[in-house]
Structure formats: structure tokens, C-alpha cells
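Participant: Okay, here's the structure, questions in a sec.
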Amino acid sequence: MQVENGKGGKPAAGSVPSGVALLSQPLELPCGRVAPNRLVKAPMEEMMGHFGGSAPTERILRLYRHWAKSQWGIIITGNVCVDSTHLGLPFDMALPEPPFLENEDLVKRFKAYAKVCKGIEGESSTSTGNKPLAIVQLVHAGRQSLRGSGRAPWKPSLAPSAIPMKTAKDLGVVGKPLDWLLWGVPSAMTVDQIHWLIQRFADASQLMAAAGFDGVELHASHGYQLAAFLSPRTNTRTDAYGGSSRNRARLLLEMVEAVRAKVPRDFAVGVKLNSSDYIQGGLTEEDALENVKWLAETGMCDFVEVSGGNYENPSFLTDGFDADAETAKLKGQKQEQASIENKASVKVSDRTRKREALFATFAKRARGVLPQGSGMKIIVTGGLRTRGGMASALETGAIDGVGIGRPACVHPDLPDYILNASVADSDEAHASPPAYTVPGAGVLGLLPIKILGAGWQTLWHNGMLAYLGQDEAAKPDTSAGPLRVLLAIFVPSLFATRSGAGAAGVFAVLGSLVAAAVGSVLFLVMK
């Protein structure tokens, strides 16, 4: 079959547009699992667990059916908390206390989740053909767990070091007390607690393998527990798990080894990594490159998903984010921070396409540090919107898979546009899903407190997921959207509490209510 070069209105008979041909290539992971194409549904916070944290709910299953019936190569779930006392938000999916495999109801519910993600419900055959690979993202929220999110509001979160969050510093004198109210001061973990955490991730991975998933992704990005250990700003330990960059990476490397020992060899193990924290004193690109290199050297990691930023600098979640400009600012260079062209426009220039992948520059550097013969794959998530942009990212040779998050909330069938071989690459109006805008994002983006704009944009996209979870189409253009978004997200979750909200009892529930009411709108971010 011929490959069409992208010129002209329609592909020639018997030809495939070059962008489609590139994105349709199978992706074989080192463990042996094969994704049917290069499109990756990125992990996002769904907020569809029962209040207090829970196993997969019916709403989650309904949501993932929409993605599974499209042509995704890999579907990575939203985060599943390995510790129900450290929820990112009160409506997260979370695991109860172990043992996991002896919990028949837990195994049953995750088996159902795996089948939904892979699109094999009701099928007796174990062959999935061209079905997507289903990967579960595992997380421990660490210092970014809001007060009362699974524990008593006076009980501190666990972190590598007792360094408090600073998300409201732009508010001046009220910033510090507000941060204290929302997050508190974390408690530095003991070595025994670190070993417990490693074991918890390994046991959770074993559960996911038994449930029928194709792999797990360890969330070591965006400021969560594993990322906090990697960052010199939040890890000031002086023992074996702090100090040098190698010691800061020790927890993650030991965790990958522990997970691999608990799962079959053909089960995928991936890691979501920051390319940078984009904050003074935080993880730098040089640190991140070392982390990529060390993970590849283990021979146990199948892929890394590259992202960046954290709650304390959520710029990467806002329109106009430029990773190269953010890096330049941290280095003290004078560089005009060019914003990404208006995503509401369907026509996209070649320059914009090249800049769609927010972390493409880092991915190219990361490819250069992989040991010779390494098969570890690099997936980049962030900014990708069009077939041209996705194909351009792959054409560099530095990226193996393209992760798509927010557009998948509005267009769960996005691959059906991107991989439609009957539409030429040059027909940009039909080769990519329709563009959309988030109401109010522009106004909030002008405010000095970045997390306000980032939080609203993320919350709005969660509203689109809420529609899908009710088996309705996403409604990006409805004028009644904002109010209905909030109702669709919070009302079902608040009145669907899981049995036994945790040992912290009623005080934890009250703390979670306060945290959800005050913090969710301001501090909700995409995972």
C-alpha cells in the first residue's frame, strides 16, 4: 500500500496518508506486549470514586467504555491510590488495606475494570487482537494529599522531608496560613515507612496483573510522593534516600525492582517522570535525564511517560505553556515566552505543529542518554491536539508514543479522527477532532495565581468526563456548562460514600468535606 504525502484534498486510491501510517505503527514494549498504534490515552483524575476512596465504580466503567471502543493504542487509567489514607482528592480510586489478592470483591471489581479498558467485556477468548493495552497508574499523593483526604485532618501527610506546600505564596501574607489550612506540614518518612511504601506499590502491581491489566505506571511526576523523593527541593534527607541525585532516585529504582519481582515478565512496568519541576531549587532537566538513564539501565522499565511541573507551579496546565521558555527562565536567560497559537483555530501552522509536544526537546535529550541497545520507550504527554502535531512528534525519532489527555475528555473517539485514512493530512479540518475552548479560562489565566486558571481548566475537563460517565456526550459548547459541570462532578460522588470511610472515622470525613469544598476548585490538577 502506498503512503500519501499529505498534499491534496483526499488520499489517492489505495494510499494511506503519511501521518496515519506513522501513527498506526504498532508499538512493542520490551516486555513483549504490543500496542496496536502510537496513540496513548494519558492518565487523568476522573473524580469518580466513592467518597473516601474506592475500587472502580460503575461510573468509571461507563467512562472507560467510551475510550475502549475507539482506536487507542494504550489506555492508561487515572491514578489509583495505593494508600487510602493519602488520597489526592476525596473521590479518588484507592486500595484498601492489604492483603489484596485475598479480597475477592476487590479482585472482581478490578477484573471488570481491566476488561472494560481493553474492550473485551463478554468475550471468552483471551486474545485481544487490536484492542488497546490497559495500563493502571499507581500513585501515593504524599505531601500533596489535602488535609483530611483519607485521614484525620490533624494527622500530617507523609513526605521525604517535612517541607510544607507553597501553592498560595502569591497571595502574600494570607498565603502561608491558607497553605497550612489546606495541606498542613508533612512528616518526614522513616526508612521503615519507605520500605513499606515500596512493598505497597509491589503488592498493588501484583493485584493489577492478577486482574488482567497489561501493566502499571508508577506516578513519579507532578509533585506526588515518588516525585517528591526525586526533587532536591522536597527531599533534604541525609540518609540513603537523599542527598545525591542517585540517592534521591533510590526509592524509585528499588520500587521498579520490587514491582518487577511480583509480576509476570510480559507485564509492562512504566514510570511517569517530570522533565523538570519548573521551580527554583526543584528537579532540573539534568536531574531528570539521569533518572531516565538509570531506569533504562535496570532493564526492568518498559517505558517512561514524560511530563513536568507540580502543584506549586502548574503552568504546564495552562494555555500558552512553553517548556523551553520555562527552563530558560529558571536558568536566568532572557527569552520571550511565546504562547502556543490559538487552539480554537482549526488551521495549524507547521511551526505550531512542531511545538505541540510540550516536552519534545527533553524527549530528544532523553533519547540520547539511553544505553546502547535499550528498548525502553519514551511517551510524551502534553499539548498534542492535531494529527500533524502528533506525526511531527514521532518523526523526530525521539518519541515512541504520543499521550493525549484533555482532548480525550471532549473527544473520546479522537483516534477515529486521527487514524482516518480516508482523510488527507492536509485536510486539517477533518484529520483532527474539532477544536474547543474552555469558558472563563482566558480571564482566570490573567490572574497572578496560576493555580486558579489551571484548576478551572482541569475541573471543566473533569465535567466533560462526568458527562461521559453518565453515558452522555461531552458538552463543550453548552452555555449551562459551568454549573452543570460542578453538579455532575460533585453530587454523585458526595452521596456515594464507600462503606467504612477509614479508621479516622467521622473526623476524616468532615476534613475531607472541607478540603473538597475549599481545595478542589483551586487545586485540582490533571495527573
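Participant: Hey, among the residues in the range 207-230 that are modelled with pLDDT under 95 and on the phi > 0 side of the Ramachandran plot, which one's surrounded by the most Cβ atoms within 10 Å (Cβ to Cβ)?
Facilitator: This residue is G223.
Participant: Could you tell me whether the range 285-301 includes any residue that is crowded, with 19+ Cβ neighbours inside 10 Å and part of a strand (DSSP E or B)?
Facilitator: no
Participant: Counting only residues that are assigned to a loop (DSSP other than H, G, I, E, B) and among the basic types (K, R), which one in the range 36-78 is modelled with the lowest pLDDT? Lay out the reasoning, then the answer.
Facilitator: Kept after step one, since they are assigned to a loop (DSSP other than H, G, I, E, B), are these residues of the range 36-78: 36-38, 42-50, 52-53, 55-57, 69-73.
Narrowing the set further to residues that are among the basic types (K, R) leaves 38, 69.
Working: R38: 98, K69: 93.
Ranking the qualifying residues of the range 36-78, first place goes to K69.
Participant: Does G242 meet the test of being more than 20 Å from P96 (Cα to Cα), free of Cβ contacts under 8 Å to residues at least 12 places away in the same chain and surrounded by fewer than 22 Cβ atoms within 10 Å (Cβ to Cβ)? Write out each step before concluding.
Facilitator: Numbers: more than 20 Å from P96 (Cα to Cα): yes; free of Cβ contacts under 8 Å to residues at least 12 places away in the same chain: no; surrounded by fewer than 22 Cβ atoms within 10 Å (Cβ to Cβ): yes.
No.
A quick yes/no check of all residues on (1) assigned to a loop (DSSP other than H, G, I, E, B); (2) touching a Pro at 6+ places or on another chain (Cβ under 6 Å); (3) of a type in the set (G, A, S):
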site: P156; (1), (2), (3): yes, yes, no
site: G172; (1), (2), (3): no, no, yes
site: P177; (1), (2), (3): no, no, no
site: D192; (1), (2), (3): no, no, no
site: S205; (1), (2), (3): no, no, yes
site: A240; (1), (2), (3): yes, no, yes
site: N247; (1), (2), (3): no, no, no
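Participant: Here is a further query. Would the range 109-123 turn up any residue that is in a loop (DSSP other than H, G, I, E, B), touching a Leu at 6+ places or on another chain (Cβ under 9 Å) and not acidic (D, E)?
Facilitator: No, every residue in the range 109-123 fails to be in a loop (DSSP other than H, G, I, E, B), touching a Leu at 6+ places or on another chain (Cβ under 9 Å) and not acidic (D, E).
Participant: For the range 399-431, give me each residue that is within 20 Å of the chain's Cα centre (by Cα) and in a loop (DSSP other than H, G, I, E, B).
Facilitator: Going through the range 399-431, the residues within 20 Å of the chain's Cα centre (by Cα) turn out to be 399-415.
Result: I399, D400, G405, H411, P412, D413.
Participant: Right, another one. If the requirement is being in contact with a Pro (Cβ under 9 Å, 6 or more places away or on another chain) and either surrounded by 23 or more Cβ atoms within 10 Å (Cβ to Cβ) or hydrophobic (A, V, I, L, M, F, W, C) (or both), which of these qualifies: C117, C81?
Facilitator: Just one listed residue meets the conditions, C117.
Conditions (1) touching a Cys at 6+ places or on another chain (Cβ under 9 Å); (2) at pLDDT below 65; (3) of a type in the set (F, W, Y), marked per residue:
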| position | (1), (2), (3) |
| --- | --- |
| A429 | no, no, no |
| P434 | no, no, no |
| P439 | no, no, no |
| G445 | no, yes, no |
| K450 | no, yes, no |
| G453 | no, yes, no |
| N462 | yes, no, no |
| L468 | yes, no, no |
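Participant: Still on this structure: When only residues in the range 349-379 that are assigned to a loop (DSSP other than H, G, I, E, B) and buried (at least 20 other Cβ atoms within 10 Å of the Cβ) count, which is modelled with the highest pLDDT?
Facilitator: Going residue by residue through the range 349-379, those that are assigned to a loop (DSSP other than H, G, I, E, B) are 349, 357-359, 370-376.
Adding the requirement that they be buried (at least 20 other Cβ atoms within 10 Å of the Cβ) leaves 357-359, 376.
Numbers: A357: 65, L358: 75, F359: 85, M376: 98.
Among residues in the range 349-379 that are assigned to a loop (DSSP other than H, G, I, E, B) and buried (at least 20 other Cβ atoms within 10 Å of the Cβ), the one modelled with the highest pLDDT is M376.
Participant: Name the one entry in P156, P160 that is within 21 Å of S231 (Cβ to Cβ) and free of Cβ contacts under 8 Å to residues at least 40 places away in the same chain.
Facilitator: Step by step, each of P156, P160 is checked, and only P156 is within 21 Å of S231 (Cβ to Cβ) and free of Cβ contacts under 8 Å to residues at least 40 places away in the same chain.
Participant: Considering (1) at pLDDT 95 or above; (2) more than 17 Å from G215 (Cα to Cα); (3) touching a strand residue (DSSP E or B) at 6+ places or on another chain (Cβ under 7 Å); (4) among the β-branched types (V, I, T), say which one V16 fails and leave the rest.
Facilitator: (1)
Participant: Checking Q71 against (1) farther than 18 Å from D413 by Cβ; (2) in contact (Cβ under 8 Å) with a residue 40 or more places away in the chain: exactly one of these is not met. Which one?
Facilitator: Result: Q71 passes all but (1).
Participant: Sort out which residues of the range 79-108 are in a helix (DSSP H, G or I) and in contact (Cβ under 8 Å) with a residue 60 or more places away in the chain, and write them in order of number. Outline the logic, then answer.
Facilitator: Step one: filter the range 79-108 for residues in a helix (DSSP H, G or I), giving 104-108.
If the condition is that a residue be in a helix (DSSP H, G or I) and in contact (Cβ under 8 Å) with a residue 60 or more places away in the chain, then L106, V107 are the ones that fit.
Participant: Then there is this: Scan F229, F213 and give me the residue that is in contact with a Lys or Arg (Cβ under 9 Å, 6 or more places away or on another chain) and in a loop (DSSP other than H, G, I, E, B). Before you say what the answer is, go through the steps one by one.
Facilitator: Numbers: F229 fails: in a loop (DSSP other than H, G, I, E, B).
Step by step, each of F229, F213 is checked, and only F213 is in contact with a Lys or Arg (Cβ under 9 Å, 6 or more places away or on another chain) and in a loop (DSSP other than H, G, I, E, B).
Participant: If R260 satisfies every condition in (1) part of a helix (DSSP H, G or I); (2) within 26 Å of E45 (Cβ to Cβ); (3) touching a strand residue (DSSP E or B) at 6+ places or on another chain (Cβ under 8 Å) but one, which is the exception?
Facilitator: Unmet condition: (2).
Participant: Taking the conditions exactly as written (touching a helix residue (DSSP H, G or I) at 6+ places or on another chain (Cβ under 7 Å) and buried (at least 24 other Cβ atoms within 10 Å of the Cβ)), does G382 satisfy them or not? Give the derivation first.
Facilitator: Working: touching a helix residue (DSSP H, G or I) at 6+ places or on another chain (Cβ under 7 Å): yes; buried (at least 24 other Cβ atoms within 10 Å of the Cβ): yes.
Answer is yes for this residue.
The values are calculated or read from the model by the stated rules, or taken from the named source; none is laboratory data. Every value quoted in this text rests on a predicted model; they were computed, and no experiment measured them. For neighbour counting, all protein chains shown are included, and Cβ atoms are generated from backbone atoms with ideal geometry for every residue, glycine included.
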